[in-house]
Amino acid sequence: MAFTSPALNRFVAELPFPPDRFQLEAIAHIEAGSSVVVTAPTGAGKTLIAEAAVELARERGERTFYTTPIKALSNQKFGDLRRVYGVDEVGLLTGDNVVNGDAPVVVMTTEVLRNMIYTDPDRLGDLGTVVLDEVHYLQDRYRGPVWEEVIIHLPGHIQLVNLSATIANAAEFTAWVTERRGPTELVVESHRPVPLESLFMVKDRHRENRIELFPVFGRQANRPNPEVIRLLKKGRGRFTRFVAPRRLEVVEELQRIDRLPAIYFIFSRAGCDAAARHITSAGLALTSADEREEIRRVIEARTAHLSADDLAVLGYGTWSAGLEAGVAPHHAGLVPAFKETAELLFAAGLLRVVFATETLALGINMPARTVVIERLSKFTGEGHELLRPGDYTQLSGRAGRRGIDEQGTAVILHQREVPFDKIAAIAAQGSHPLVSSFAPTYNMAVNLVANYPRDEAERLLEASFAQHRIETRRRQLQQRLQEKEAEVVEFTAAGACERGDVVHYAAAAPVADVRQTLRDFAQGTISGDVLELPGEDGAELWVLLARGYGPNPRLHLVGEGGDERKIAADDLPAATALVGAIDLPEPFRPRDRSYRRAAIGRLDDLEIAPERRKLAVGLQDDPVASCPKLDEHLAWLERARKAEKEALRLQRRLGRAPDDLVAGFRALLTLLQELGYLSGWKLTPKGETLRVIYNELDLLVTEAAASGHLAGLSAAELAGIATMFVYEPRRDDLPGGMPSRASDDAAEAVFELSNSIAQREDAHKIEMMRPPNDGYVERMHDWASGASLDDLFDDDDGAAGDFVRIARQTLDLLRQIRDAFPALRDPASTALGLVDRGVVAAESRW
């Protein structure tokens with residue numbers, strides 16, 4: 001395909017391989033001026049489309065912003081683009097890193113772009129293209145709404161390149177982007193560049209602990225392998241035959257069958273660390289002497305900026321020994337230098353196994369030959385949930401290195417708590433719908449007031465993907481309700497009986513009660529009994545030849561007209577009556593036609609009992625009971641009852657359906673007005689301050705500072721209290737003490753403010769903010785007071801890794817406090833210098 005743009009033609013010609021169809025299609029749409037939504041499996045080559053968009057924007061003399069959901073991915077893209085375009089042409093903005101921010105190409109987190117749109121829109125003047133990488137991240141509960149804010153508020157002339165993993169409702173998402181921004185083309189690629197094989201690994205304890213590998217699917221695509229189902233059935237019994245292999249056994253088996261390098265997903269930081277240590281100590285020969293020498297060289301170069309004391313606390317010895325052995329952990333609790341070193345070594349083919357949490361699946365360039373998924377459930381903070389099909393696709397997308405492997409392999413370990421057919425279903429479906437987590441925040445509310453008239457602000461909220469989905473779901477529910485209400489009318493009419501009111505009959509004798517009555521009646525009959533059943537032309541007599549057993553016995557009947565019936569007790573007409581009995585002929589041969597004729601002949605001598613035993617006392621005189629089509633009438637009535645029940649459920653769902661976002665926005669405005677942030681549709685000085693506080697607890701931060709609760713604190717005390725707004729415990733850590741009386745008073749005031757805001761939120765039916773947490777106050781205070789990493793953590797390297805992350809978040813908030821509150825400028829500025837040192841400062845170097 002030839003393009004009009006010389007830059008694009010040159011870009012394509014210089015690629016080391018021919019681009020795929022979907023890549024060329026997306027690039028052509030971008031050249032034509034459209035925005036695009038590109039969904040494709042992990043590793044399919046979506047980044048190439050973004051790079052082509054950068055080339056085109058540079059040719060047009062326009063800037064490009066390349067956004068990612070996390071800082072680690074921004075750092076990686078920054079490095080990649082600098083190698084292509086040079087140091088002067090590429091910048092980085094991630095909140096705590098500002099490098100060449102006015103460059104033609106700037107990589108940033110999506111939050112930075114959102115903040116720029118609200119508070120510094122002049123910087124968007126020469127912006128032509130925005131790449132939204134990993135746009136499916138907008139469904140993230142906490143950070144996802146930022147993507148929608150960007151799509152809604154960016155000036156309309158800017159092209160969007162939306163890159164996403166495979167999602168089930170890509171057309172719906174594209175339709176929303178089109179409504180909001182104009183022409184947007186959907187490009188879908190379902191083909192993986194490297195085919196994926198999903199395998200099931202299990203250890204058979206009855207066969208000397210043999211490790212078995214089976215395809216998850218049988219000959220029929222996406223259907224559970226029947227061989228595995230049959231095998232697992234053999235393991236049922238008193239003793240457990242099949243179990244999951246241990247981690248060392250898995251690695252040994254993958255090495256034996258030449259399926260390394262592998263990414264081994266464990267949804268636990270501690271689990272990743274323990275697995276890496278265990279495999280290292282086992283002494284597997286995963287690396288050669290030359291490889292170990294090269295690994296040592298890379299480690300030394302990548303950690304040279306860290307002090308020996310800090311490295312000791314971070315567990316450098318254990319970590320580096322693992323890397324030399326070809327093994328590494330990878331999770332958010334590691335300091336960035338350790339994670340980035342592992343990424344670099346794995347990409348270079350020097351590591352054989354990386355034990356990782358699911359965060360590695362988020363765009364980091366670390367393809368492997370094999371992916372191992374230890375469990376298909378993970379802890380969400382509130383409980384364990386099974387992975388969704390799209391989660392499996394994202395994780396398994398790392399399997400298969402393009403140009404190296406002919407096939408990628410995803411290995412799922414045996415899990416007793418997850419049935420194999422469920423495992424196959426998760427592995428087969430491939431994607432799940434993209435949902436929205438968008439909801440107005442306090443910061444968003446004041447920025448909307450500052451930037452738009454009221455009607456336009458509300459219109460923008462109505463333009464969100466969240467509102468789009470709310471309205472779509474409401475229309476769908478209303479349509480289904482109308483269908484069910486029509487079915488109630490239709491089924492009720494179909495069940496009408498000309499002999500009487502079937503509804504009244506069924507109400508007096510509910511189906512379940514009649515069914516049990518029929519069963520009780522049938523179990524009391526014996527051969528030779530004569531039953532009266534309703535027929536087309538009146539009552540008919542039937543001789544019972546034989547009765548089966550069980551709770552719902554079958555009756556073998558022969559009628560006076562010679563007809564033969566075998567009928568279950570449940571299927572007897574409700575008007576059935578026992579009217580007498582005859583002596584059956586001997587010998588007993590009910591299958592013999594002549595015998596059945598002889599039995600019928602004895603009906604001539606039958607004397608109808610004056611007290612006939614009928615089934616439904618009180619209903620025997622209801623003409624509906626004698627209708628020969630009563631079962632059919634009741635079946636239609638039961639369908640009508642079920643349709644009515646479903647209609648009621650849909651009505652309740654409509655009643656519980658989320659209110660529109662505008663109503664939630666107005667509730668926020670009312671609360672902000674009460675607290676003095678608004679005066680009508682105008683911001684007060686407090687409101688202007690809230691505009692530049694970008695924190696999950698934005699209102700609480702502003703209230704605490706504006707109310708003077710942070711005044712009078714030393715720089716170290718302010719740093720400690722700032723952690724209350726960023727720290728969320730991941731483990732059952734006991735909260736630390738307060739380092740000073742002033743800190744204790746400030747923390748108490750923050751908690752009281754949080755409770756006061758929560759009461760107001762509850763009164764206005766606003767979803768309440770999470771409470772602050774004081775578990776890190778003392779630790780950060782001590783660090784800012786000059787404590788070493790060793791003083792804080794001893795040998796707890798995992799906690800030290802978390803500390804760096806929390807410290808970076810604290811620095812970001814301290815900068816906001818410094819810039820937003822003049823009274824706190826000096827202590828906040830000092831606190832920045834006290835916190836941003838040692839291992840914390842080292843992570844911001846470029």
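Database remark: amide H of Gly91 closer than 5 angstrom to the amide H of Ala103, Val105, Val106, Val107 (H placed geometrically; neighbours at sequence offset of 5 or more, or on other chains; Pro and chain starts carry no H).
Using only Cα atoms, find the angle between the long axis of helix 420-429 and the longest principal axis of the chain, and express it within 0 to 90 degrees, rounded to the nearest 10. For helix 420-429, the angle is close to 60 degrees.
Solvent-accessible area assigned to carbon and sulfur over segment 781-833 amounts to 42 percent, based on a 1.4 Å probe.
What segment 226-290 shows is 55 Å² of accessible area per residue, with the surface traced by a 1.4 Å probe over protein heavy atoms. With the convex hull constructed from alpha-carbon coordinates only, segment 278-332 shows a mean projected area of 4.2 nm² over all directions. Dipole magnitude for segment 453-587: about 880 debye, using +1 per Lys or Arg Cβ and -1 per Asp or Glu Cβ, origin at the Cα centre.
Counting protein heavy atoms only, segment 4-69 has 53 percent of its accessible area on carbon and sulfur, 1.4 angstrom probe.
What's the angle, to the nearest 10 degrees (0 to 90), between helix 170-181's Cα axis and the longest principal axis of the chain? Helix 170-181 and the main axis of the chain meet at about 50 degrees. Backbone geometry of segment 41-50 corresponds, through the Karplus equation with coefficients 6.51, -1.76 and 1.60 at θ = phi - 60°, to 3J(HN,Hα) couplings of x, 4, x, 6, x, 5, 4, 4, 5, 5 Hz, x marking Gly and Pro. The residue among Ser74, Asn115, Gly91 whose Cα reaches farthest toward the positive pole of the charge dipole of segment 65-138, with charges on the beta-carbon of Lys, Arg, Asp and Glu, is Ser74. At q = 0.17, 0.22, 0.26 Å⁻¹ the log10 of I(q)/I(0) for segment 221-298 amounts to -0.93, -1.17, -1.24, computed by Debye summation with a single uniform scatterer per C-alpha, solvent ignored. When the listed pairs Lys203/Lys234; Lys71/Lys378; Lys46/Lys77 are checked against a 20 Å cut-off, the alpha-carbon distance exceeds it for Lys71/Lys378. Averaged per residue, segment 1-130 has 37 square angstrom of accessible surface, using a 1.4 angstrom probe with ligands and nucleic acids left out.
What number does segment 149-255 give for Rg over Rh if you use C-alpha atoms and the Kirkwood radius? Expressed as Rg/Rh, it is 1.26. Couplings 3J(HN,Hα) of segment 534-539, computed from phi: x, x, 4, 10, x, 6 Hz, in residue order, whole Hz [Karplus 6.51 cos²θ - 1.76 cosθ + 1.60, θ = phi - 60°; x for Gly and Pro].
Accessible surface computed residue by residue for segment 416-557, with neighbouring protein chains in place and a 1.4 Å probe, gives 49 Å² per residue.
Among residues other than Val251 with Cβ under 11 Å from its Cβ, the summed charge is +2 (Lys and Arg +1, Asp and Glu -1). Counting only GluC sites (Glu not before Pro) that sit in a DSSP loop (anything but H, G, I, E, B) with at most 11 other Cβ atoms within 10 Å, what is the longest stretch of the chain containing none of them? In short, 15-207.
Hull volume per residue, based on the alpha-carbon atoms of the chain and their convex hull, is 238 Å³. Principal-axis analysis of the Cα atoms of the chain puts helix 110-119 at an angle of about 70° to the longest axis. Using a 1.4 angstrom probe on heavy atoms only, work out the carbon and sulfur share of the accessible area of segment 267-423 in %. Here carbon and sulfur together make up 49 percent of the probe-accessible area.
The values are calculated or read from the model by the stated rules, or taken from the named source; none is laboratory data. Not measured: the values here are computed from a predicted model. All Cβ positions, even for glycine, are placed from backbone atoms using ideal geometry, and neighbour counts span all protein chains on display. Heads up: the accessible areas ignore ligands, DNA and RNA and are worked out on the full protein's heavy atoms, side chains in. Shrake-Rupley method; radii C 1.70, N 1.55, O 1.52, S 1.80 Å.
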